[in-house]
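Step one of this worksheet: look at the structure below.
The values are calculated or read from the model by the stated rules, or taken from the named source; none is laboratory data. The structure presented is a predicted model; accordingly, all values stated were derived computationally and were not measured. Here Cβ is always computed from backbone atoms with ideal geometry, including for glycine, and neighbour counts include all displayed protein chains. To get the accessible areas, we keep the full protein, side chains included, count just its heavy atoms, and leave off ligands, DNA and RNA. Shrake-Rupley method; radii C 1.70, N 1.55, O 1.52, S 1.80 Å.
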Amino acid sequence: MEYIGYFASILIGVALGLIGGGGSILTVPVLVYLFAVEPVLATAYSLFIVGLTSAVGTVGYFKKGLVNIKTAIVFGIPSIIAVFTTRAYIVPAIPKEIFSTGSFTLTKDLFLMLLFAVIMVIASYTMIKKDKKNTIEETGEQKFNYPLILIEGAIVGIITGLVGAGGGFLIIPALVILSKLPMKEAVGTSLVIIAAKSLIGFFGEGGESIIDWQFLFIISAFAIIGIFIGTAISKKIDGNKLKPAFGWFVLVMGIYIITKELFLK
């Protein structure tokens, strides 16, 4: 099962490099189901893996001038504050048993896995649907819709903190629509935001569990290999054409997690 996990770790990076987001949505299921990491710790590990992989992926975008620093700061600050606060205070405050009725008990682990599965279903919809706005190249002076950007950034940060997903599927549309960035620049800027908030969120951990650094760096290394592969493939294949297929895969995974956690245990 571990070998399958290592291969899946490469796919995490491939997705990030190919379509600029979505890869992180695979990280927690890979850690939980293929490496038997308990869910709360898996969300923390996911932050580090996604953050480090995204940081490496930003190098190429910086070289091409496809990172909008101003946008990254405006969107990133509320997101970073939200993810740090969520990991440091909100996640540790969630009780191990949230509530119980009859034979059913909603535990902290079950809550996080179900929340993650719901996020996967939402993410799959954003990948499957055709978004004509993503193809528009904006010109002229950039104008920020600050209230919406602050709200969106905070929401993405909270989601990232709770389930360990980078949130590229939410960030990229927001940058295109709210910040008027061209698609390629939105992808590069998104990776910078994901890297910053994920790593800061990881180091804002409340210290509930002992970190297996060797395991963490091994999985991160495979994901980094994957992002180089994905970036190379993206030069030959338009990632947007593969995005719907990946979206359907994410949808099936989300439904599988809900079914497994509620009915197959």
Exercise for review: Of the numbered conditions (1) at pLDDT below 85; (2) more than 29 Å from Ala245 (Cα to Cα); (3) among the hydrophobic types (A, V, I, L, M, F, W, C), Ile77 fails exactly one; give the number of that condition.
Suggested key: (1)
Study note, to complete from the structure: Reported set for segment 172-187 where residues are over 20 Å from Gly57 (Cα atoms) and not aliphatic (A, V, I, L, M) is Ser179, Lys180
Exercise for review: Tally the residues that are open to solvent by less than 10 Å² (accessible area, probe 1.4 Å), farther than 15 Å from Glu261 by Cα, of a type in the set (A, V, I, L, M, F, W, C) and within 11 Å of the chain's Cα centre (by Cα), restricting the search to segment 21-47.
Suggested key: 2
Exercise for review: Kindly indicate whether any position in segment 121-138 is at pLDDT 80 or above, among the β-branched types (Val, Ile, Thr) and within 14 Å of the chain's Cα centre (by Cα).
Suggested key: yes
Check your understanding: Of the residues in segment 173-211, how many are at pLDDT below 80 and open to solvent by less than 40 Å² (accessible area, probe 1.4 Å)?
Key -> 7
Practice item. Starting from segment 92-121, take each residue that is on the phi < 0 side of the Ramachandran plot and acidic (Asp, Glu) and list its partners that are assigned to a strand (DSSP E or B) and exposed (fewer than 14 other Cβ atoms within 10 Å of the Cβ), counting only C-beta distances under 7 angstrom and pairs at least six apart or across chains. Key: Glu97/Thr105
Review point. Within segment 21-42, can one find any residue that is touching an Asp or Glu at 6+ places or on another chain (Cβ under 7 Å), modelled with pLDDT under 90 and closer than 18 Å to Trp213 by Cα?
Key: yes
